[in-house]
Amino acid sequence: MMVISIIASILIALAVVVMMLASILSKKTIIDREKSSPFECGFDPKSSSRLPFSLRFFLVAVIFLIFDVEIALLLPMIIVLPHSNLTVWLVVSFFFLAILLLGLYHEWNQGALNWAT
């Protein structure tokens, strides 16, 4: 058990060192206005090159990812059913589905799923 904790500590320390080195080495030292501005045939752009990002689209994408991961967690529950206690399986399944449905209701109640507004 002690060997595993030592190896885990070494790996975590190594990962922290690599992340710190990557952070230090990747920073730009010179910020050039010409390089950071959009290029439009040598002229200054007529309008902003960045289009406003739809926050509604981002929110729906995040909700999709959350529920997609939840479905990936629900599928193994069907495989585990024959090998587990039925009462425990039902309690865990209903609790998990209740959390999902409460989250969906909350998103619906907050208007995150309405595209018209």
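The protection proxy used here, the mean number of other Cβ atoms lying within 10 Å of each residue, ranks peptides 86-97, 1-12 as follows, highest first: 86-97, 1-12. Each residue of region 59-69 was assigned a 3J(HN,Hα) from its phi angle through the Karplus curve 6.51 cos²θ - 1.76 cosθ + 1.60 (θ = phi - 60°); the sequence is 5, 5, 5, 5, 4, 4, 5, 4, 6, 5, 5 Hz, with glycine and proline shown as x.
Throughout, read-outs are computed from the coordinates displayed, never taken from laboratory work. Keep in mind it's a predicted model, so treat the numbers as computed, not measured. Neighbour counts run over all protein chains shown; Cβ positions are idealised from the backbone, glycine included.
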